[in-house]
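Peer 1: Would you mind keeping the following structure in view while I ask a few things?
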Amino acid sequence: MNMVLSSRDNLIAIARDLIIDRGFSAMSVSTVCAAAKVTKGSFFHHFSSKDELGEVVLDKFWKDVQERHAKAGYLQAGNPLNVLHSYIDHAIETYQDPEFRGCLLAVFTSELKETRPALYAKSVPYFMEWKAEVEELLRNAAAFCQPRGAFDATVWAELYISAVEGVLILAKAENNPQVIARVLNLFRDQLKLVFPTDELHLRQSIV
């Protein structure tokens, strides 16, 4: 039983890496089988098609993201502003690991809308869930600390996601994960300008 599970998990991991590195269209059953050193018969024992494998890979990717966040502990960082900063710190640390060199959500949404609409549709709710999570962190921070000037949590969440996805592409092009840290540190520094922590701006201090 363990051998079957191990073989299936190996196919999922190989497919994930191929999709991130080359795109979904370049990930074929033959390529996955060759990399995993298994026959197509073994592949079809686990998955009925390339598309089913893609769906499983996407679901596991998002499940892994959520599990990493749950274990990261940034929600216990104290006040909502510290939680927001810790969330960004967690992202910076995560993307220094070569295993997390790309985002499957970006691949599925940018590549598959026309060619694999079902898989595209599967990826969109995960993107919206990510955006909603970031918006909530930003709104909580704004409720704790009076922003300097007009503040729209939705726009800032969109900016964050755009920064993450864009810098992952740039880091891949330059083969330099340090650019991720530079860009996300800059984003965090901009937030510090928006949320000054002097006593006059902390909403909890206002009676």
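Peer 1: Hey, TRP156 hits all of (1) touching a helix residue (DSSP H, G or I) at 6+ places or on another chain (Cβ under 6 Å); (2) surrounded by fewer than 17 Cβ atoms within 10 Å (Cβ to Cβ) but one; which does it fall short on?
Peer 2: Result: TRP156 passes all but (2).
Peer 1: Still on this structure, I have one more. If I filter the stretch 17-35 for residues that are crowded, with 16+ Cβ neighbours inside 10 Å, of a type outside the set (Ser, Thr, Tyr) and over 19 Å from GLU99 (Cα atoms), do I get at least one hit?
Peer 2: Yes, some residue in the stretch 17-35 is crowded, with 16+ Cβ neighbours inside 10 Å, of a type outside the set (Ser, Thr, Tyr) and over 19 Å from GLU99 (Cα atoms).
Peer 1: What residue, among those in the stretch 91-122 that are over 13 Å from ARG16 (Cβ atoms), of a type in the set (A, V, I, L, M) and within 12 Å of the chain's Cα centre (by Cα), is surrounded by the most Cβ atoms within 10 Å (Cβ to Cβ)?
Peer 2: Checking each candidate, the answer is ALA91.
Peer 1: Can you tell me which residues in the stretch 97-106 are out of contact with any helix residue (DSSP H, G or I) (no Cβ under 7 Å at 6 or more places or on another chain) and not charged (D, E, K, R)?
Peer 2: PRO98
Peer 1: Still on this structure, please answer the following. Any idea how many residues of the stretch 128-186 are of a type in the set (Phe, Trp, Tyr), part of a helix (DSSP H, G or I) and more than 15 Å from the chain's Cα centre (by Cα)?
Peer 2: Looking only at that region, the number is 2.
Peer 1: Within the set of pairs 6+ apart or on separate chains, which have a first residue in the stretch 146-166 that is more than 13 Å from LEU81 (Cβ to Cβ) and touching a residue at least 60 places away in the same chain (Cβ under 8 Å), a second that is assigned to a loop (DSSP other than H, G, I, E, B) and of a type outside the set (A, V, I, L, M, F, W, C), and C-beta atoms under 9 Å apart?
Peer 2: VAL164/TYR95
Peer 1: Next question. Do any residues in the stretch 126-138 that are closer than 18 Å to VAL83 by Cβ and β-branched (Val, Ile, Thr) have Cβ atoms under 6 Å from those of residues that are in a helix (DSSP H, G or I) and at pLDDT 95 or above, where the two are at least six apart or on different chains, and which pairs are they?
Peer 2: Between residues of the stretch 126-138 that are closer than 18 Å to VAL83 by Cβ and β-branched (Val, Ile, Thr) and residues that are in a helix (DSSP H, G or I) and at pLDDT 95 or above, the close pairs are VAL134/ALA157; VAL134/TYR160.
The values are calculated or read from the model by the stated rules, or taken from the named source; none is laboratory data. All of these numbers come straight from a predicted model, not from anything done at the bench. Using ideal geometry, Cβ is built from the backbone for each residue, glycine included, and neighbour counts are taken over all protein chains shown.
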